[in-house]
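Please treat every number below as a calculation from the coordinates, not as lab data. Computed from a predicted structure; not experimentally measured. Because the Cβ atoms are built from the backbone with ideal geometry, glycine has one as well, and the counts that use them run over all protein chains shown.
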Amino acid sequence: MVEQIPLEAAVNKIEDGMTVMVGGFIGSGAPDQILELLAQRGIKGLTLIANDTGILGDALSQLIVNRCFRKVIASHIGTNPETGKQMLAGELEVQLVPQGTLVEQIRSAGAGLGGFLTPTGVATIVEEGKQKISIDHKEYLLELPLSADVALLRAYKADPAGNLVYRRAARNFNPVMATAAKTVIAQVEKIVPLGEIDPDEVMTPGIFVHYLVQARPKGVAQHG
Amino acid sequence: MVEQIPLEAAVNKIEDGMTVMVGGFIGSGAPDQILELLAQRGIKGLTLIANDTGILGDALSQLIVNRCFRKVIASHIGTNPETGKQMLAGELEVQLVPQGTLVEQIRSAGAGLGGFLTPTGVATIVEEGKQKISIDHKEYLLELPLSADVALLRAYKADPAGNLVYRRAARNFNPVMATAAKTVIAQVEKIVPLGEIDPDEVMTPGIFVHYLVQARPKGVAQHG
Amino acid sequence: MDKEARMEWLIQRVAREFKTGDVVNLGIGMPVKVANALPEGITIILQSENGFLGLGPSPQEGQEDPDVVNAGGKYSTILPGGSCFDSALSFAIIRGGHVDATVLGALQVDEEGNLANWMIPGKMVPGMGGAMDLVVGARRVIVAMEHTAKNGTPKVLKQCSLPLTAAHQVNLIVTDMGVMEVTPQGLVLQEMAPGVTFAEIQAATKAKLL
Amino acid sequence: MDKEARMEWLIQRVAREFKTGDVVNLGIGMPVKVANALPEGITIILQSENGFLGLGPSPQEGQEDPDVVNAGGKYSTILPGGSCFDSALSFAIIRGGHVDATVLGALQVDEEGNLANWMIPGKMVPGMGGAMDLVVGARRVIVAMEHTAKNGTPKVLKQCSLPLTAAHQVNLIVTDMGVMEVTPQGLVLQEMAPGVTFAEIQAATKAKLL
């Protein structure tokens, strides 16, 4: 059952040491208000699963700067030099995963699969420690599912049933992460009455969502 | 590049012996007009990949009655008794696959994966001949991708770029099959001008689609 | 109680297994009747494995939408707040543990929670459809069936003899004679239908009832 | 020809590799300039791996949509006929062979078609992003880069020494000095930039040019 809660209550759902998935792609479609408040709190020891670690100055990057993570699993950290600095200094564990593998690992967890075979990463350092399986004389890596305690998402609109609709490129990892965490919290621009979102328009069915946080309006209206 | 062609031209793309995916779920969302004409032609030796073999009297069932298939890969054949009759008489090869495994096999092919691990079918006859892999002390079957020469789909609307939008429960296997065949043919209720389908509304991006067939209007208008 | 009343009891009994907000997939046939028997105040979300959530009652005559059918191919409705999706997401929902309960019929079920409900070799081979995924993926698997076959043969067994749908997945068996929970120790009889005695239900069951 | 003119030649040359309707993913940086250099009459469909097809030019000032950014995080536009999707479908498109060509930069590329473009151990470790999937999945992989590193060191080698992005996947190498096709026999020099001699390009290349 989905519940609409204030931003503060959403942030309080996240505890030290948890594994947290964060939607977004270099900030686009990231739940910035949840991340901002989380960075202000003294949270520690999180494991982050996300496409990237944001771009220096944005909400997600602030969590890196504030050293809230013990470990980062991402496909790209180049847009936030602080992540690489902490990694090279041995202060942060970073596991780099090909983007298509990362999203498929998350999907795999959400879909109850035990893993999948991908040609991506064969003959690279990505294959280290992984089982290789040949199908029709082609080599694949067996990649395992990736789940989280909490998924922090951002959507354009929601209804009281928790159905989510994303907008444009802000969709990215969000709908996939919605399927793979014990607790799913979505920051949404607007909440519309039940029945106003057409069943064919829904991108994340409400059964995946536990908490909705209505975003504070920005100084400038973003979506008309 | 997508091309709009007449029904007859679409049916002519299908040759004896091909492997054909057919969208739909007990007729709902099945490309009935393509299937009807195909059944009238003397096509032979096809392999069918579909959720089911239709319900006796519908377009897909007619292809079974006319003995157009050499082999059927489906999750359920109970709604068309003719399929079971031919199978038990040894006249038709039928491979029954759990529905979730079937759709995932098709997705796997479309997504360039070498296969996936599923808990479905473990300790049943579905596991026969398949590799079993344990992950975290849980057993999974390694299921392989499933692709086709042609996918026959049905959509509600399309634009000239080939983007498809499905309606309600008629979506089912259609968008997944769109990704896994060399040639993709969609029977659509209507074709709207370019730009009229919002990018967020698209369910199958046009790059997957090769041919659009405008459906003949029915005696009774179905979708307003 | 006559047969019909006992079947009605069965359906009412299954309907009491849910709490508001539960996501439930009901098999074709008898299980689907459970939706109409929910206790007052309980609202569940029905999943239709052909591709939507928010399965509603049958449409009124003349209101049928050819694109809204349930997994049995019958005209249906989608309630406000419902959502449609493709078969890949539908089975991600099912296999991924996002369905709280599924209710299915059975040909045989045994004291280890094994279920056979999809084929009789050489005779009835309709295919498993979505049943194997549902039984493996749903958090709680409830078998709802007549206690014995039409000819009186027990269907609740020590060990299934028909090809399995899945092993060790059934949690609860509700029949027109009683309610049995599958535990590591075996089948624990939780409840009997009104008028049924322990001797009667045990006699109609091949497994020992605890 | 000066450096700038040769880089312009490179981009024009890459742009001639496409035919109308091709689905193309262009890497960040120099490859993205290829879109503006397409020969007249050629229309390709650009994929942006963060989640859409129909990537258009940068928006005019004041017209930026915060939800429409390219894979480099820069404001972008979506052309009519474009479509948005999640990252799972985006990489199904990429890995599944539905992208006709990808154009990427390289740190090193060798005569076997091996590519290194994602890390220098201990120094530069930005991550592979979508590059490993693109290089494995795209039907045609085109490397577009300056022929040598800033210090003049060859980047076209007999064998890559940096960690690979993928093995045996590069089809064509286009640099500011020439165009090399990767074949089972080795690198076949197809074309030289205006004013470049065979001796010059071979001297700047560690692999033998055929």
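Placing a label point 7 Å from the Cα of D:Gln190 along the Cα-to-Cβ direction, the distances to the matching points in the other copies come to 6.9 nm, shortest first.
Would you mind classifying chain B by shape? Square roots of the alpha carbon gyration tensor eigenvalues, ordered a ≥ b ≥ c; an a/c under 1.5 is rounded, otherwise it is prolate if a/b is larger than b/c and oblate if not. Oblate.
Against the main long axis of the alpha-carbon atoms of chain C, helix C:3-15 sits at an angle near 60°.
The mean number of Cβ atoms from other chains found within 10 Å of a Cβ in peptide D:152-165 is 1, as a whole number. The order of D:Ser90, C:Ser83, D:Ser76, C:Ser58, going from fewest to most other C-beta atoms within 10 Å of their C-beta, is C:Ser58, D:Ser76, C:Ser83, D:Ser90. Cross-link partners of A:Lys218 among aspartates and glutamates, defined as those whose alpha carbon lies under 19 angstrom from its own and excluding same-chain residues fewer than eight positions apart: A:Glu8, A:Asp32, A:Glu36, A:Asp58, A:Glu189, D:Glu64, D:Asp65, D:Asp67. Below 19 Å, Cα to Cα, which aspartates and glutamates can B:Lys138 reach? Residues fewer than 8 away in the same chain don't count. By straight Cα distance, B:Lys138 reaches A:Glu143, B:Glu127, B:Glu128, C:Glu112, C:Asp133.
Relative to the other identical copies, C:Ile120 shows label-point distances of 7.4 nm, where the label point lies 7 Å from Cα along the Cβ direction and values run shortest first. Would you tally the net charge around D:Lys19, using a Cβ to Cβ cut-off of less than 12 Å, leaving D:Lys19 out, and scoring K and R as +1, D and E as -1? Within the 12 Å Cβ shell, the charges total -1.
Within the set of other residues whose C-beta is less than 14 Å from the C-beta of D:Pro59, count the net charge using Lys and Arg as +1 and Asp and Glu as -1. My count for the surroundings of D:Pro59 gives -2.
Fewest neighbouring Cβ atoms within 10 Å first, the residues B:His76, C:His147 line up as C:His147, B:His76.
Taking +1 at the Cβ of each Lys and Arg and -1 at the Cβ of each Asp and Glu, which of C:Thr197, C:Val69, C:Pro59 sits farthest along the dipole of the stretch C:3-203 towards its positive end, judged by Cα position relative to the Cα centre? Of the candidates, C:Thr197 comes out farthest on the positive side. Under 1.5 on a/c is rounded, so check that first for the stretch A:1-118, then, if it is not, pick prolate when a/b is larger than b/c and oblate when it is not; a ≥ b ≥ c are the square roots of the alpha carbon gyration tensor eigenvalues. Because a/c hits 1.5 or more and a/b fails to exceed b/c, the stretch A:1-118 counts as oblate. Cα centroids of the stretch A:50-122 and the stretch C:1-51: 44 Å apart. Separation of the stretch B:1-40 from the stretch C:187-205 is 54 Å, based on Cα centroids. Neighbouring Cβ atoms from other chains, within 10 Å of the Cβ of residues in A:145-157, number 1 on average. Going by a ≥ b ≥ c, the root eigenvalues of the Cα gyration tensor, does chain D fall in the rounded group (a/c under 1.5), the prolate group (a/b larger than b/c) or the oblate group? It is prolate, given that a/c is not under 1.5 and a/b is the larger ratio.
For C:Gly178, the residues whose amide H sits under 5 Å from its own are C:Ala193, ignoring neighbours fewer than 5 places away on the same chain, with H placed 1.01 Å from N.
Per residue, the protein assembly as shown reaches -5000 deg cm²/dmol at 222 nm when only DSSP H runs of four or more residues are counted, each adding -39500 (n - 2.57). Axis between D and C by rotation; chain D residue with nearest Cβ and distance in whole Å recorded as D:Ala88, 5. When only the Cβ of Lys, Arg, Asp and Glu is charged (+1, +1, -1, -1), the dipole of the protein assembly as shown relative to its Cα centre reaches about 980 debye.
Taking every residue in B:8-20 and counting other chain Cβ atoms within 10 Å of its Cβ, the average works out to 0.
Distances between placed amide hydrogens fall under 5 Å for D:Ala138 paired with no residue 5 or more residues away or on another chain.
Of all residues in chain A, the one whose Cβ lies closest to the rotation axis carrying A onto B, together with that distance in whole Å, is A:Phe116, 2.
Counted by neighbouring Cβ atoms within 10 Å, the residues B:Cys68, C:Cys84 run from fewest to most as B:Cys68, C:Cys84. Using the Cβ atoms and a cut-off under 12 Å, what net charge is assigned to the surroundings of B:Ile49, where Lys and Arg are +1 and Asp and Glu are -1? Once positives and negatives cancel, what remains is -1. When the Gaussian network model of chain B links Cα atoms closer than 10 Å, the mean-square fluctuations of B:Ser75, B:Ser134, B:Ser61 top out at B:Ser134. Selection among C:Thr43, C:Gly82, C:Ala207 by position relative to the dipole of chain C gives C:Ala207 as farthest towards the positive end (Cβ unit charges, Cα centre). The count of lysine pairs in the stretch C:3-203 with alpha-carbon distances below 24 Å, taking only pairs 8 or more places apart or on different chains, stands at 11. What separates the B:Gly129 label point from its copies, with the point 7 Å along Cα to Cβ, is 3.7 nm, written shortest first.
Within the straight-line cut-off of under 14 Å between alpha carbons, the aspartates and glutamates reachable from B:Lys13 are B:Glu3, B:Asp149, sequence neighbours fewer than 8 places apart in one chain being disregarded. The translational diffusion coefficient of the protein assembly as shown, from Stokes-Einstein at 25 °C and 0.890 mPa s with a Kirkwood hydrodynamic radius over alpha carbon pairs, comes to 86 µm²/s.
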